[in-house]
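Heads up, the thing below is written out as structure tokens.
Any read-out appearing in this document is the output of simple, stated calculations on the displayed coordinates, not a laboratory observation. Fair warning: this is a prediction, and the values are worked out from it, not measured in the lab. Virtual Cβ from ideal backbone geometry, glycine too; neighbours counted across all protein chains shown.
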Amino acid sequence: MSPSDTTPWLEVTRGGAPLVLSMPHTGTEIPAGLERHLTSLWLARKDTDWWIERLYDFAPGLGATVVRTRISRTAIDPNRDPSGVSLYPGQATTELCPTTTFDGEPLYRGLGGPGPEEIAARRTAWFDPYHRAIAAEIARLRQRHRHVVLYDCHAIRSQIPRLFAGVLPNLNLGTHSGASCAAQLTARLEAACENSDFSRVTNGRFKGGYTTRHYGRPADGVHAVQMELACRGYLREPGGSVTDLDWPCAYDDTVAAPLRAVLQRVLAACLEFAAEGR
């Protein structure tokens, strides 16, 4: 098996350590034929998890496997339940094929987004292959390791009133309220986030999306967690609302370095947990 497989839109970098990083929202590619239906390409890319693939580019050096889609979440969101069930009932969110931005701005011209047939076609083209890749990498590593950690990588602007009040903590750990991983792993990750300048919360506004909830089976040796980062922790994020003149801002290694050091401890904690075979 090759150490990496790259298609025009799906990137899999394989390692031998018991750690898989999933990156469902770093893609910016808008599929052919979709652009003409959108109100704005900037809006279509506005909620991208900007530069997360760069922030975590040290992960393959730890032996981790990375699964990343280059397709924009506006086409289809790999971290939403394909059945349509809301991950956060009663709270604002976006759909499997989003029709608005996080701020509520319409993404499509006219009366709305894709119909059932188009959604099914997008799922077949991009959602299902992405998740088959994650499942295959977990299965491969479970043949070698008693426990595997799936770490779902995310980032979001620090202030989005439609989704949450106030300013989001820097580090938002989600474990599906403790159901998707062992308590010992949660404790290790919380400890890795301590003694830094970054605020943190566990199972706050973000408890883990479809990926965390679908794959997290601690009794079967698969422990899944989501890390949602507030963008101000690693970018010169504009305060409050953003425009096409200031968002996304450029990635700066110097700005990102302190949070990147914390994330290196976080991934090391994942590996230590899995290696001990708890």
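Enumerate the calculated ³J(HN,Hα) couplings along the stretch 87-103 in order (Karplus 6.51 cos²θ - 1.76 cosθ + 1.60, θ = phi - 60°), each rounded to whole Hz, writing x wherever the residue is Gly or Pro.
6, 9, x, x, 10, 5, 7, 10, 8, 4, 10, x, 10, 9, 6, 4, 7
At 27 angstrom or more along the helix axis (alpha-carbon based) and mean Kyte-Doolittle of 0.5 or higher, what helices does the chain contain? Whole DSSP H runs only.
Long hydrophobic helices here: 253-276.
Taking the stretch 60-142, which GluC sites (Glu not before Pro) meet the DSSP loop condition and have no more than 16 other C-beta atoms within 10 Å? Kindly include the intermediate steps, with their values, before the conclusion.
Working: sites: 95, 117, 118, 137; in loops: 95.
In loop regions of the stretch 60-142 (DSSP not H, G, I, E or B), the sparsely surrounded GluC sites (Glu not before Pro) are 95.
Tell me, 246, 47, 152 in order of fewest to most beta-carbon neighbours within 10 Å? Display every interim value, and only then the final one.
Values: 246 11, 47 22, 152 27.
Ascending Cβ contact count within 10 Å gives the list 246, 47, 152.
Separation of the stretch 170-184 and the stretch 206-278 by C-alpha centroid, Å?
Measuring centre to centre over Cα atoms gives 12 Å.
What 222 nm value per residue comes from the helices of the chain, counting each DSSP H run with n ≥ 4 as -39,500 (n - 2.57) and dividing by all residues, nearest 500 deg cm²/dmol?
On the way: 7 runs with 72 residues, N = 278.
Result for the chain, helices only: -7500 deg cm²/dmol.
How many angstrom lie between the C-alpha centres of the stretch 38-108 and the stretch 127-161?
14
Non-local amide H neighbours of residue 158 (under 5 Å, H modeled in plane, Pro and chain starts lacking H): which ones?
231, 232
Can you put 147, 176, 25 in order, fewest other beta carbons within 10 Å first?
Ordered by Cβ neighbours within 10 Å, fewest first: 176, 147, 25.
How high is the relative contact order of the stretch 4-276, in percent, counting Cα pairs under 8 Å that sit 6 or more residues apart?
On the way: 530 pairs, mean separation 58.0, N = 273.
Relative contact order here is 21 percent.
Using the number of other C-beta atoms within 10 angstrom as an exposure proxy, rank 180, 196, 72 with the fewest first. Numbers along the way, then the final one.
On the way: 180 27, 196 16, 72 24.
Placing the least packed residue first, the sequence is 196, 72, 180.
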